[in-house]
Amino acid sequence: MKQNQDNKGADYQGADYNGPSRVFSGMQPTGALHLGNYLGALTKFVDLQDEHECVFCIVDLHAVTVFQDPKLLASQTREIAAAYLAAGVDPDKAIIYPQSQVAAHTELAWFFNCVARVGWLSRMTQFKDKAGKNSQAVSVGLYAYPVLQAADILAFKATHVPVGEDQKQHLELSRDIAQKFNNDFGVPGFFPLPEPLIKGPGARIMSLRDGSKKMSKSDPSDNSRINLTDDAETIAKKFRKARTDAGMVPDNIDALAERPEVKNLVGIYAALSGMSETQVLGEYAGQGFGVFKPALADLAVEHLRPISTRLNDYLDNPDEVDKVLRSGAEKAAAISAPIMDDVRRVMGFWGT
Ligand code: AMP
Ligand code: TRP
């Protein structure tokens with residue numbers, strides 16, 4: 001196997017893999033992005049692009065595992081691309097493209113369907129949450145969703161994957177699939193074992209209405225989340241209404257253990273300001289939420305305003321976004337095509 005020794009991540013531990021390091025991540029075009037998406041993933045995309053080769057996908061094939069209105073899918077895809085750009089992902093540094101434009105995803109997903117075991121998938125907690133009591137009536141695609149995710153990552157031999165904490169189990173599955181492929185076909189180090197990049201206070205942002213649920217696009221209450229498109233007044237109102245308790249801001253982290261809503265707000269403050277949670281507590285200990293919440297709202301507004309302005313500019317200029325997506329798809333196809341040639345050869349298909 002021809003492998004490139006250049007640009008190997010110094011800290012990368014993937015067993016036997018000798019190729020270059022590469023970052024891959026994706027977001028589903030299923031609605032406006034919120035503060036959880038931004039702090040859990042998008043800010044990391046921006047930080048990584050200067051030092052690493054980065055591929056950022058809009059995963060429309062994942063979106064259609066639940067029905068998407070065909071009249072809206074393309075514009076939803078453009079909106080996520082616009083959010084990447086508005087947050088600071090630079091198309092001259094990182095590749096941005098829609099998943100459905102690059103055939104490697106579906107092809108490798110099929111191969112991986114034949115590598116992954118049914119038992120592995122039946123343990124996936126996100127599937128159980130999404131399917132609920134309805135597990136017989138949801139699409140086969142929703143069940144196989146994490147296999148497609150493994151294919152997304154490994155069609156680029158990506159070594160690092162910036163995601164929120166909810167994706168940890170899917171990343172473990174990707175590693176298991178990579179490992180089993182390498183073992184089954186006797187090609188140690190063919191696929192890297194991709195590592196999640198999850199750290200930081202933004203990795204798990206919770207609902208503003210319920211500290212036990214993650215902030216989510218699909219929560220019926222819009223007050224549960226801050227959308228990147230919310231204006232200053234809406235952001236201030238949502239933080240004002242955020243659930244807390246009658247106490248004060250405590251002076252140490254341990255005191256947050258039984259106060260999930262307060263812990264969440266402190267985490268959001270830390271992630272937006274770049275301070276540690278301890279520093280935030282140092283600044284606000286003993287204050288009531290009548291002081292802390294408006295300070296948090298001001299910080300969020302200041303941080304998000306330029307992003308939402310740029311986002312609206314991109315949404316007013318869809319041609320510009322489409323140009324980025326088209327050129328990104330070409331670049332992504334050029335990286336994945338030779339990898340897929342090798343995969344077919346390793347599996348022994350005719351014509352390889
Ligand atoms: P999705 O909207 O499900 O496509 O998620 C896109 C990215 O945002 C993934 O990396 C998720 O892990 C991350 N993410 C989603 N919700 C949250 C949250 N509440 N807190 C932190 N990260 C999140
Ligand atoms: N499953 C991820 C989510 O819901 C989205 C996703 C699809 C993804 N393919 C990926 C994330 C590959 C990282 C890498 O958030």
If only one of Gln149, Gln167 is open to solvent by 10 Å² or more (accessible area, probe 1.4 Å) and within 30 Å of Glu261 (Cβ to Cβ), which one is it?
Gln167
Every residue in segment 180-219 that is closer than 30 Å to Pro20 by Cβ and part of a strand (DSSP E or B), please.
Glu195, Pro196, Leu197
Filtered residues of segment 220-266 (kept if outside any helix (DSSP H, G or I), open to solvent by less than 70 Å² (accessible area, probe 1.4 Å) and among the aliphatic types (A, V, I, L, M)):
Ile226, Leu228, Ala242, Val249
Can you tell me which residue in segment 143-167 is nearest to Val55 (Cα to Cα), limited to those that are away from ligand 2 (no atom under 11 Å from the Cβ) and assigned to a helix (DSSP H, G or I)?
Ala144
Name, by its number, the condition in (1) assigned to a loop (DSSP other than H, G, I, E, B); (2) in contact with a His (Cβ under 6 Å, 6 or more places away or on another chain); (3) among the hydrophobic types (A, V, I, L, M, F, W, C) that does not hold for Met275.
(2)
Can you give me the number of residues within segment 120-142 that are open to solvent by 20 Å² or more (accessible area, probe 1.4 Å), within 22 Å of Pro196 (Cβ to Cβ) and in a helix (DSSP H, G or I)?
7
Scan segment 45-63 and give yes if some residue there is polar (S, T, N, Q) and either within 14 Å of ligand 1 (Cβ to nearest atom) or in a helix (DSSP H, G or I) (or both), otherwise no.
no
Looking only at segment 178-203, and only at residues there that are without any contact (Cβ under 8 Å) to a residue 40 or more places away in the chain and surrounded by 18 or more Cβ atoms within 10 Å (Cβ to Cβ), the one that is nearest to His160 (Cα to Cα):
Pro196
Thr159 being within 20 Å of the chain's Cα centre (by Cα), open to solvent by 60 Å² or more (accessible area, probe 1.4 Å) and either farther than 26 Å from Lys331 by Cβ or of a type outside the set (Asp, Glu) (or both)
no
For segment 208-219, what are the residues that are near ligand 1 (Cβ under 8 Å from one of its atoms) and either modelled with pLDDT under 95 or surrounded by fewer than 23 Cβ atoms within 10 Å (Cβ to Cβ) (or both)?
Lys214, Ser216, Lys217
Which of the residues that make up segment 267-282 are in contact (Cβ under 8 Å) with a residue 24 or more places away in the chain and either of a type outside the set (S, T, N, Q) or farther than 23 Å from Asn37 by Cβ (or both)?
Gly267, Ile268, Tyr269, Ala270, Ala271, Leu272, Glu277, Thr278, Leu281, Gly282
Checking Thr352, Thr309 in turn, the sole residue that is within 30 Å of Ser100 (Cβ to Cβ), loosely packed, with under 15 Cβ neighbours inside 10 Å and under 23 Å from the mean Cα position of the chain (by Cα) turns out to be Thr309
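The values are calculated or read from the model by the stated rules, or taken from the named source; none is laboratory data. From a predicted model like this one, the values you see are computed outputs, not experimental measurements. So basically every Cβ, Gly included, is an ideal-geometry build from the backbone, and we count neighbours across all protein chains shown. Calculation scope for accessible area: heavy atoms of the full protein, side chains included, ligands and nucleic acids excluded. Shrake-Rupley method; radii C 1.70, N 1.55, O 1.52, S 1.80 Å.
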